[in-house]
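Read the structure below first, then the notes.
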Amino acid sequence: MHGRVSPAQTSEIAYRPDIDGLRTIAVGTVILFHGKLGILPGGFVGVDVFFVISGFLISSILLGEIAHGRFSLAGFYERRIRRILPALMVVLLAVMLAGALLYPPQDYVLLAKSAKAAALFYANFFFNGQAGYFAPDAETQPLLHTWSLGVEEQFYLVAPLFLWAIAKLHRQWQVALVGIFFFISLAFSVHGAMNEDSGAFYLPHSRAFELMLGMALAMGLFPKLAQKSVAEGAGAAGLLMIVIAVLAFSDATPFPGYAALLPCMGAAFIIASGAGHTTAVARFLSTAPMVFTGKISYSLYLWHWPVFVFAEYQFGALSVLDRLMLIVAAYLLSVLTYWFVEQPARRKTPALTRQRIFVGGVASLVVAYGITQLVIGERGLPQRLGPQVAAFDEAVRKNRGFTPCPENEAWLASTSDCRVGVQSTAEPSFLLWGDSHARVVASTIDEIAKAQGSRGLIVFRGGCPPLLPHVDSPFDTRHCAKTQALVEDLLKSPGYRNVVLVGRWALYAEGGGYRNGKWFKTAFDLGKTKANRAAFEAALTATIDAIVRSGRRVTVVGPVPDLPINPAEMMIRAMMLGATADVHATATDFATRQAGVLPLLKQLSQRAGVRVVYPHESLCDASQCRTVDGPMPLYSDDNHLGVNGVALIRGQLEAAITLSSTAGQPARATR
């Protein structure tokens, strides 16, 4: 074994209070960031510091066991169960109970799905799958933070065997293998961050390099800091690197990628500097408050995010004082969890044998799976809220149906699944192209086409406007490339004499819109309203001109009213509280929101080969736009019509796919 295992690996790792203090910095930055106090815009890097710490500590223990011939997968996973599962299960139970009291059925189903993912340690894959245009707001998901637990546990499925396999190799092979996997993971992370791929943030292959940095430290692959002055400098530099990251980074920073190296290397410097010397940074980190908070950091990490989410969900916007009080509440919950759950579970007593730990761990997972699956299968248990709410929820659920055409990458490579209308070998007469608003009307278009004896094709992708890629536009439409390429190919083929464009037009004209009651900016935001509207006008006009030049007619389906609220959600939450929700929308609000759209559509409708139909004519009068029909909402969220709403604009949709309307004149469909 000479030259293959460093001396530091020949014994159990000694307790280091400074590492508990480093945990405090990690969890503290995350909490202050999530607390929206506005002082640490890059506080999310605390998770990356955690990854380095975890990689170092667990690898150190494993290497010590391997060196002494005591390595055991059963022993390793016993420790992981004792360390991770008890506190996690307590928090999951508390979150599910809180959700049962506060959440309407749809939200409770999503919570149950995320709880199942957290319990089975695939939350990172779950939340990565939730990313995208139709994703619920991250701030409404109480278990979003458990993605990091998934990354860790997936890493530790392979790390013990990897360390065991390379332990007997010569030093240069150890360095080479660790280095190869480190840089492969970093490359994935950099590529994903630069291309705004959510998988770079959530998935293990692009986060492994952070844990491997800690592993490399444990293996002694970093030079030892023999001189105290060098160690002092390294510790100070490491702390400074973390401080720079939490102050200079923000939501706009491409992450993780290269940016993650700054806090990760900072954590590595601090760990390395405190290995053989008591530096000034180590003394600061070893103070009693820092050490104690570090000891409860796991529970504190678990509790803080659900506390924030549930409070904001129930009470709306929170003041700075409110958020500080919530941090205190999360701290107290963490102390109790540490004393009464974590500590007892980690003590090795005759009552807590390895066999019982495994049986208890499996049993807890089975129970968690059963509870969450019950909630999912029963569609959020609406009966828990009373018969009136249950009946309303059922009606809202039926109002939410979108389309028989799936939105996924496999479909984008093939058009066979989204042909609508009659089944025949004749050339399709229309192509309906758009964003998620095209998806909303797909079923009704299918019904109309069958009634007319026509057939067509629907192409859509959420958040992607029907704009051809070759038009001169400053908009970033890289995420829409597959849909655009598909449409370009279709326009080169025969048929499709009528191209129907459907979109959430104001989203592109203004560069943003509402989601879950909050304004958000999109990739189409150019910083100034005037510039946005001009770019949108140029891009849509050029797209229409190109299609008309191909010998086809273009029909534009105008906008439906955007809302700053979700009527269905507001109505059911009010009903749960025994109140009535005001979900009306004014015609003035509609006109203001569409100020960059309606005048443009009027101009375009005067062109030869172009017509426009206006769905809002069936939804709005001179003073108000309808959002409900009696007791039922017409919308499925804040901008998409539901089945009830689409039924009201059926006349406009029928006019849109019919070829007989006069080109150059707006089609005025009857209501």
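The values are calculated or read from the model by the stated rules, or taken from the named source; none is laboratory data. The structure presented is a predicted model; accordingly, all values stated were derived computationally and were not measured. Neighbour counts run over all protein chains shown; Cβ positions are idealised from the backbone, glycine included. Surface areas here come from the heavy atoms of the whole protein model, side chains and all, with no ligands, DNA or RNA. Shrake-Rupley method; radii C 1.70, N 1.55, O 1.52, S 1.80 Å.
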inquiry  = For the range 80-103, check the following and say yes or no: at least one residue is of a type in the set (S, T, Y), in contact with an Asp or Glu (Cβ under 9 Å, 6 or more places away or on another chain) and in contact (Cβ under 8 Å) with a residue 60 or more places away in the chain.
reply    = no
query = Got at least one residue in the range 235-243 being touching a Phe, Trp or Tyr at 6+ places or on another chain (Cβ under 9 Å), open to solvent by less than 10 Å² (accessible area, probe 1.4 Å) and not in a helix (DSSP H, G or I)?
reply = no
query = Restricting attention to the range 370-386, which residues are over 22 Å from the mean Cα position of the chain (by Cα), in a helix (DSSP H, G or I) and not β-branched (V, I, T)?
reply = G370, L374, G377, P382, Q383, R384, L385
Cross-chain or 6+ apart pairs with Cβ under 7 Å, the range 59-77 first and outside any helix (DSSP H, G or I), then surrounded by fewer than 18 Cβ atoms within 10 Å (Cβ to Cβ) = F71/W164
note = The condition of being aliphatic (A, V, I, L, M), farther than 18 Å from I53 by Cβ and in contact (Cβ under 8 Å) with a residue 12 or more places away in the chain holds, among V281, V335, V328, only for V335
query = Within the set of pairs 6 or more residues apart or between chains, which connect a residue that is more than 19 Å from F308 (Cβ to Cβ) inside the range 19-41 to a residue that is crowded, with 20+ Cβ neighbours inside 10 Å and of a type in the set (F, W, Y) with Cβ atoms less than 9 Å apart?
reply = I19/F56; R23/F50; R23/Y298
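Answer yes or no as to whether L111 is within 29 Å of V335 (Cα to Cα), at pLDDT 95 or above and buried (at least 23 other Cβ atoms within 10 Å of the Cβ). Break it down stepwise before answering.
Details: within 29 Å of V335 (Cα to Cα): yes; at pLDDT 95 or above: yes; buried (at least 23 other Cβ atoms within 10 Å of the Cβ): yes.
Criteria met by L111.
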task = For the range 443-452, indicate whether the set of residues that are closer than 30 Å to G192 by Cβ and open to solvent by 20 Å² or more (accessible area, probe 1.4 Å) is non-empty.
result = no
Subset of the range 504-523 [more than 16 Å from A595 (Cβ to Cβ) and open to solvent by less than 60 Å² (accessible area, probe 1.4 Å)] = G517, F520, T522, A523
request  = Spot the failing condition for C464; the list is (1) at pLDDT 85 or above; (2) of a type outside the set (G, A, S); (3) closer than 18 Å to V646 by Cα, and only one is missed.
outcome  = (3)
ask   = Could we say that T483 is out of contact with any strand residue (DSSP E or B) (no Cβ under 9 Å at 6 or more places or on another chain), over 22 Å from I649 (Cβ atoms), among the polar types (S, T, N, Q) and modelled with pLDDT under 90 here?
value = no
key: The one condition in (1) within 30 Å of G463 (Cβ to Cβ); (2) free of Cβ contacts under 8 Å to residues at least 24 places away in the same chain that K113 fails to fulfil   = (2)
inquiry  = Take F209 and tell me if it is touching a residue at least 24 places away in the same chain (Cβ under 8 Å), surrounded by 21 or more Cβ atoms within 10 Å (Cβ to Cβ) and under 18 Å from A159 (Cβ atoms).
reply    = yes
ask   = Does any residue in the range 560-584 that is within 28 Å of V612 (Cα to Cα) and touching a residue at least 60 places away in the same chain (Cβ under 8 Å) come within less than 6 Å, Cβ to Cβ, of a residue that is among the basic types (K, R) and crowded, with 19+ Cβ neighbours inside 10 Å six or more places away or on a different chain, and which pairs are these?
value = D562/R593
key: Residue list for the range 301-333, filter: of a type in the set (G, A, S) and either touching a Cys at 6+ places or on another chain (Cβ under 8 Å) or at negative phi (or both)   = A311, A317, S319, A329, A330
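Based on this model, can you work out whether F222 counts as part of a helix (DSSP H, G or I) and touching a residue at least 24 places away in the same chain (Cβ under 8 Å)? It would help to see each step written out before you state the result.
On the way: part of a helix (DSSP H, G or I): no; touching a residue at least 24 places away in the same chain (Cβ under 8 Å): yes.
Considered against the rule, which asks whether it is part of a helix (DSSP H, G or I) and touching a residue at least 24 places away in the same chain (Cβ under 8 Å), F222 comes out as no.
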request  = Check every one of the helices (runs of 4 or more DSSP H) wholly within the range 531-618 and list those with 1 or more residues that are surrounded by 20 or more Cβ atoms within 10 Å (Cβ to Cβ) and more than 32 Å from the chain's Cα centre (by Cα).
outcome  = 598-604
inquiry  = T253 - would you say it is open to solvent by 10 Å² or more (accessible area, probe 1.4 Å), at pLDDT below 95 and among the hydroxyl-bearing types (S, T, Y)?
reply    = yes
ask   = L169 versus (1) open to solvent by 10 Å² or more (accessible area, probe 1.4 Å); (2) assigned to a helix (DSSP H, G or I); (3) over 30 Å from Q388 (Cα atoms); (4) of a type in the set (A, V, I, L, M): which is the lone unmet condition?
value = (2)
ask   = Is at least one residue of the range 487-499 buried (at least 17 other Cβ atoms within 10 Å of the Cβ) and under 27 Å from the mean Cα position of the chain (by Cα)?
value = no
query = Taking the range 249-276, which residues are within 18 Å of the chain's Cα centre (by Cα), part of a loop (DSSP other than H, G, I, E, B) and either more than 20 Å from R23 (Cβ to Cβ) or aliphatic (A, V, I, L, M) (or both)?
reply = S250, D251, A252, T253, P254, F255
key: Residue count, the range 330-359 (criterion: over 29 Å from G28 (Cβ atoms) and open to solvent by 40 Å² or more (accessible area, probe 1.4 Å))   = 11
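Can you tell me which residue among F188, F162, F183 is surrounded by 20 or more Cβ atoms within 10 Å (Cβ to Cβ) and over 27 Å from F308 (Cβ atoms)? Let's see the steps before the verdict.
Working: F162 fails: surrounded by 20 or more Cβ atoms within 10 Å (Cβ to Cβ); F183 fails: surrounded by 20 or more Cβ atoms within 10 Å (Cβ to Cβ).
Going through F188, F162, F183 in turn, just one is surrounded by 20 or more Cβ atoms within 10 Å (Cβ to Cβ) and over 27 Å from F308 (Cβ atoms): F188.
Would you be able to say whether some residue in the range 318-328 is part of a loop (DSSP other than H, G, I, E, B), out of contact with any Lys or Arg (no Cβ under 9 Å at 6 or more places or on another chain) and open to solvent by 30 Å² or more (accessible area, probe 1.4 Å)?
To start, the set of residues in the range 318-328 that are part of a loop (DSSP other than H, G, I, E, B) comprises 318-319.
Subset that is out of contact with any Lys or Arg (no Cβ under 9 Å at 6 or more places or on another chain): 319.
If we keep only those that are open to solvent by 30 Å² or more (accessible area, probe 1.4 Å) too, we end up with 319.
Yes - at least one qualifying residue is present in the range 318-328.
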ask   = How about the range 624-671: which of its residues are modelled with pLDDT of 85 or more, in a loop (DSSP other than H, G, I, E, B), small (G, A, S) and open to solvent by 10 Å² or more (accessible area, probe 1.4 Å)?
value = S636
note = Scanning the range 135-155 for residues that are at pLDDT 95 or above and of a type in the set (S, T, Y), the one surrounded by the most Cβ atoms within 10 Å (Cβ to Cβ) turns out to be T146
Subset of the range 284-317 that is without any contact (Cβ under 8 Å) to a residue 24 or more places away in the chain and more than 20 Å from I25 (Cβ to Cβ) - its residue that is surrounded by the most Cβ atoms within 10 Å (Cβ to Cβ) = A311
